[in-house]
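This report refers to the structure that appears directly beneath it.
The values are calculated or read from the model by the stated rules, or taken from the named source; none is laboratory data. Computed from a prediction, not measured in an experiment: that's the story for all the values here. Glycine gets a Cβ as well: all are built from the backbone with ideal geometry, and neighbour counts include every protein chain shown. Just the protein is used for accessible areas: all its heavy atoms, side chains included, with ligands, DNA and RNA removed. Shrake-Rupley method; radii C 1.70, N 1.55, O 1.52, S 1.80 Å.
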Amino acid sequence: MKTAKVSLFVVIVMVLGMLAACAPAAAPAQPAAPAQPAAPAAAKTYKDMTLCYPQLGAESDWRTANTASFKETATQLGIKQLVFSDAQQKQENQISAVRACIQQGVDVIALPPVVEDGWEAVLTEAKNAGIPVIIVDRSVSADKSLYASHIGSDMVLEGERAAEEFNKMLPNGGAVLELSGTTGSGAAVGRAKGFRNKLNANIKIIDSQTGNFTRAEAVPVMQAFLKKYKSGTDFQGIFIHNDDMGIGAIEALKAAGVKPGDLKIVSVDGTRGGFQAMVDGWFQADVECNPLLGPQVFEMALKLMNGQTIDREVLTNETVYYPDKAAELLPTRKY
Ligand code: GYE
């Protein structure tokens, strides 16, 4: 076999030599051939990937599940490095974390922005450094040309879904309170907007205060509401922007002698805590918001590293959960 190959090689060399000898001695000057394009680089794999995830905080069970999804997916896929940080709900911390990732020269930045505004400068820096950014979970107000894509929930739709629950439960109208998420966050802005889009005109939002998406901050807000307004008389329902604040609110309601079912309460997320609140009769509906975004984000990041086309907006498919199935579904919940 080896000999055959060698002799074939010798023959080819001889033939080429003869052809060269036959070529005209002084070939007319030819313009230089254009440089051959470099051979395409081998496709990048997860093993090559350094992904930056400057998490916005650890304010809720939703967030804990979101962080776990990124860490678990990174391990499962065997990526080179996940650069993770926790900004403790402070935008300046997130911006510093993004800058550190640019400095390090990561392949892709996946950014869950704590608030919508104020990202132009750092997104421009990432763009100038040639590092694609995927906006994860909440949205940004910055121009779309500054980032590759957004993967997350349709927060406006979530607010609309919550409004539809109140429309069904209060067909003759009424008054509701709103316990909203972090001021200026895409999640709170979108949910508040959607809620107002669809709420029947005979249902009034008599007050709206932020509990910053945390249990601890929701308690005093609910206590203050209860001092100002009489439960059941001044208001019949509460729209709460996430389950953690819902759990904080329940604490305050219980302490004030309010019983499960006295008020119509609709929350968002669909965490185990939210399911338990439905089992216990406190929540009449829980609008799903899925935090398990890791797999989709890493898949898109790899496509970006390989210069493949991606969708500019990927919205999660979600539903609404009700108390009738809560006990049955609770053990199956992943977060
Ligand atoms: O609903 C809440 C969390 O941005 C969708 O943030 C997320 C929200 C989620 O703190 O629980």
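If you check 188, 142 for being among the small types (Gly, Ala, Ser) and more than 18 Å from residue 287 (Cβ to Cβ), only one passes: 142. Of all residues in segment 38-69, those satisfying the criterion of being small (Gly, Ala, Ser) and open to solvent by 50 Å² or more (accessible area, probe 1.4 Å) are 38, 39, 41, 42, 43, 58. Look at residue 82 and say whether it is buried (at least 20 other Cβ atoms within 10 Å of the Cβ), in the same structural domain as residue 301 (by TED's automatic domain parsing), within 16 Å of the ligand (Cβ to nearest atom) and within 23 Å of residue 146 (Cα to Cα). Taking the combined requirement at face value, the residue does not satisfy it. Does residue 184 fit the bill of being surrounded by fewer than 24 Cβ atoms within 10 Å (Cβ to Cβ) and either within 16 Å of the ligand (Cβ to nearest atom) or acidic (Asp, Glu) (or both)? When the stated conditions are applied, residue 184 passes them.
Filtering segment 58-79 for residues that are over 27 Å from residue 288 (Cβ atoms) and within 16 Å of the ligand (Cβ to nearest atom) leaves an empty set.
Matching residues to (1) in the same structural domain as residue 312 (by TED's automatic domain parsing); (2) in a helix (DSSP H, G or I); (3) open to solvent by less than 40 Å² (accessible area, probe 1.4 Å); (4) at pLDDT 95 or above:
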residue: 109; (1), (2), (3), (4): yes, no, yes, yes
residue: 115; (1), (2), (3), (4): yes, no, yes, yes
residue: 118; (1), (2), (3), (4): yes, no, no, yes
residue: 124; (1), (2), (3), (4): yes, yes, no, yes
residue: 135; (1), (2), (3), (4): yes, no, yes, yes
residue: 138; (1), (2), (3), (4): yes, no, yes, yes
residue: 161; (1), (2), (3), (4): no, yes, no, yes
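Hey, could you check segment 291-335 for residues that are closer than 30 Å to residue 164 by Cα and of a type in the set (Lys, Arg) and say which is surrounded by the most Cβ atoms within 10 Å (Cβ to Cβ)? The residue in question is 333. Looking only at residues in segment 250-290 that are within 27 Å of the chain's Cα centre (by Cα) and open to solvent by 60 Å² or more (accessible area, probe 1.4 Å), the one that is farthest from the ligand (Cβ to nearest atom) is 276.
Residue 212 meets the conditions (1) open to solvent by 50 Å² or more (accessible area, probe 1.4 Å); (2) within 15 Å of the ligand (Cβ to nearest atom); (3) assigned by TED's automatic domain parsing to the domain that holds residue 180 in every case but one. The failed one is (1). Hey, does segment 224-244 have a residue that's under 26 Å from the mean Cα position of the chain (by Cα), polar (S, T, N, Q), modelled with pLDDT of 95 or more and buried (at least 19 other Cβ atoms within 10 Å of the Cβ)? Looking through segment 224-244, at least one residue is under 26 Å from the mean Cα position of the chain (by Cα), polar (S, T, N, Q), modelled with pLDDT of 95 or more and buried (at least 19 other Cβ atoms within 10 Å of the Cβ).
If we scan segment 224-243, do we find a residue that is assigned by TED's automatic domain parsing to the domain that holds residue 172, part of a helix (DSSP H, G or I), within 15 Å of the ligand (Cβ to nearest atom) and touching a Phe, Trp or Tyr at 6+ places or on another chain (Cβ under 9 Å)? Yes, because at least one residue in segment 224-243 is assigned by TED's automatic domain parsing to the domain that holds residue 172, part of a helix (DSSP H, G or I), within 15 Å of the ligand (Cβ to nearest atom) and touching a Phe, Trp or Tyr at 6+ places or on another chain (Cβ under 9 Å). In segment 70-79, the qualifying residues are those that are over 18 Å from residue 104 (Cα atoms) and hydrophobic (A, V, I, L, M, F, W, C), and the one that is most open to solvent (accessible area, probe 1.4 Å) is 77. Somewhere in segment 142-155, is a residue part of a helix (DSSP H, G or I), within 16 Å of the ligand (Cβ to nearest atom) and not polar (S, T, N, Q)? Taking every residue of segment 142-155 in turn, at least one turns out to be part of a helix (DSSP H, G or I), within 16 Å of the ligand (Cβ to nearest atom) and not polar (S, T, N, Q).
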